[in-house]
Amino acid sequence: LVVRPGVPQNRRMTLPVIPSPATATALDGTFTLTSASGVVHSAELAGPVARFVEDVRLDSGLTLTGDSGITVELRPVADVPPAGGLRADGSEVDERHGLEVSPTGVRVWGATPEAVHRGLTSLRQLVSAHLQDGAAVLPAARIVDGPRFAWRGLSLDVVRTFHTPDEVRRVIDMLALYKLNVLHLHLTDDQGWRVEVPSRPALTDVAAKGALGDRPGGYYSRDELAELVAYAAERYVTVVPEIDIPGHTSAVFTAYPELAPAELRTIELGNGTSIPLSALEPGRPETWTFVDDVLDAVIPQFPQSAYVHIGGDETWGMSDEDHVTFVEKAAGLVRDRGKKVVGWQEIARATLGSEDVVQFWLDLDIDKMGENPDAPTPPEELLPVLADALRKAKYDAPKALEQGAKLIVSPVTWLYFDRPHADTSTDAEQEQARVRLGLEFYGAASIEHGVSWDPVDSLPGIESADQIAGVEAAIWCETITGPEDLELLLLPRLPGAAEKAWSHQTDTHWPEYASRLAQQSPTWRNRTWTWLHSAEVPWT
Ligand code: TNX
């Protein structure tokens, strides 16, 4: 599907914008933005405009000090299809927008402040790409654009490695630049716990001290989380919390051993790496007092999110029956609190409602392993456990869809950023980091690979875009020791995920995409973001 309504063939153009707009029409002439330029706007648009001015300064050094040149306004856009899928904030906000550069000035419009913000985000990218001697010489053009999917996100593991609030803000900045609108925070896991629950102080006094190996632990205080959530909201990013239960709960058991199954009461923090055998037991009343306490404390800390992610993944130490019982009860507790449920694909084995969202990740076919060169290759000794898990996983997406639930598309093959980079870096120091980053197990993936698929066509069980809530990349931090490692795996992959989540143009052509990607580097340099200097991309 290629949506370029109404653009005559000879007027279609490629602009250095990621994700690629639904339509871009070339007009005649240029318009130059200088430090004497500024934005004409009404009071309702003050927020997005202030954000834009500040972002342009940080991206490119251009400080817009004047009051004309760019005009923004609230005006609906209908000539691209509305977004499919679901929004994490539970609203129906329309993000479609227009942007026109003409020889007399720049106009940006959309039905909502968020739509205008998205249009201004394209303008930010155009400014960075067309900077000459401190001014932006913009080619005249008209963009009409809107997202293909409403939920476009990144799942960030803050447990295996604790990322400071400052680092998380840098990640939010990256999401916003590429029109991604969800930060899914994976706040709990075997190695640690990262959120305050006042009625359960040992979660922060004990469990939060852990991380993978001897990495420093930590947690986000209520104030720090409030700041992060507000920082994201200013950039139209919704933070969705994940409390991963009933598996991946070793850290909980170090804090509250009485919640652990008998054989796990002496579990140690921080050592767990890959196979989680710990799980909360659904048959014990104290399990549910704990879950109640956690939900009561966590939900109010994420006011923008209409969803709570309950994990539900990899409960390999528990019976299938207990898993289902657990998921159904936990989902009910989330719904009782007025929130909607999202969980990893394994929750589809339980009875779900049509408002629930299932995050599909296991796209590996055990019977075809070894045949697909793009598919990860697991180590021999893990094969029996994985074989069992994957055999069951095959039915998850169909089961979710039969129950009327929608899927978030996060397949390991295409969207796990903790796959090693196959592209080499032109920077010798980066090469040393590159070869130790990512789970070897998954096999390396190139930047080109990251845009060589389609969320509807590439997934078993998905027949139409209506079945998809959205697209979410995931970064797990087993191999990531700090901010530089994190950024080196996020960039330059993240814009590719955004391209798949936002763009209606599904047939990504690598050389064309690579040239747009290359033009992002001046912004990244100004932002001091680390990115893989892939030899395959003609960086500017
Ligand atoms: C699977 S994806 C996990 C995580 C690991 C990740 C490594 C998922 C729901 N669970 O616990 O960190 O693989 O890629």
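The values are calculated or read from the model by the stated rules, or taken from the named source; none is laboratory data. Being a predicted model, the structure only gives us computed values, none of them experimental. Every residue, glycine among them, receives a Cβ derived from its backbone with ideal geometry; neighbour counts consider all protein chains shown.
Numbers at a glance
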{"item": "One residue from Asp28, Asp55, Asp59 being in a strand (DSSP E or B) and at pLDDT 95 or above", "result": "Asp28"}
{"item": "Among (1) without any contact (Cβ under 8 Å) to a residue 24 or more places away in the chain; (2) touching a His at 6+ places or on another chain (Cβ under 8 Å), the one test that Pro201 misses", "result": "(2)"}
{"item": "Residue match in segment 463-475 (condition: within 22 Å of Ser128 (Cβ to Cβ), crowded, with 20+ Cβ neighbours inside 10 Å and within 16 Å of the ligand (Cβ to nearest atom))", "result": "no"}
{"item": "Lone unmet requirement of (1) closer than 17 Å to Ala279 by Cα; (2) assigned to a helix (DSSP H, G or I) for Gly317", "result": "(2)"}
{"item": "Qualifying helices (runs of 4 or more DSSP H) (wholly inside segment 367-444; at least 2 residues being assigned by TED's automatic domain parsing to the domain that holds Glu328 and at pLDDT 95 or above)", "result": "396-402, 412-415, 428-436"}
{"item": "Exclusive hit being outside the structural domain of Thr30 (by TED's automatic domain parsing) and in contact (Cβ under 8 Å) with a residue 24 or more places away in the chain, set Arg107, Arg169", "result": "Arg169"}
{"item": "Candidates Glu321, Glu346, filtered to the one that is within 16 Å of the ligand (Cβ to nearest atom) and either free of Cβ contacts under 8 Å to residues at least 60 places away in the same chain or crowded, with 21+ Cβ neighbours inside 10 Å (or both)", "result": "Glu346"}
{"item": "Any chance Leu185 is more than 14 Å from Val298 (Cβ to Cβ) and among the aliphatic types (A, V, I, L, M)", "result": "no"}
{"item": "Residue list for segment 105-119, restricted to those being buried (at least 24 other Cβ atoms within 10 Å of the Cβ) and out of contact with any Pro (no Cβ under 6 Å at 6 or more places or on another chain)", "result": "Val106, Val108, Gly110, Ala115, Arg118, Gly119"}
{"item": "Ala444 buried (at least 20 other Cβ atoms within 10 Å of the Cβ), over 26 Å from Val144 (Cβ atoms) and either within 15 Å of the ligand (Cβ to nearest atom) or basic (Lys, Arg) (or both)", "result": "no"}
{"item": "Among the candidates Glu227, Glu242, residue that is part of a helix (DSSP H, G or I) and in contact (Cβ under 8 Å) with a residue 24 or more places away in the chain", "result": "Glu227"}
{"item": "Residue in segment 445-462 that is in contact with a Phe, Trp or Tyr (Cβ under 7 Å, 6 or more places away or on another chain), more than 28 Å from Phe360 (Cβ to Cβ) and part of a loop (DSSP other than H, G, I, E, B) present", "result": "no"}
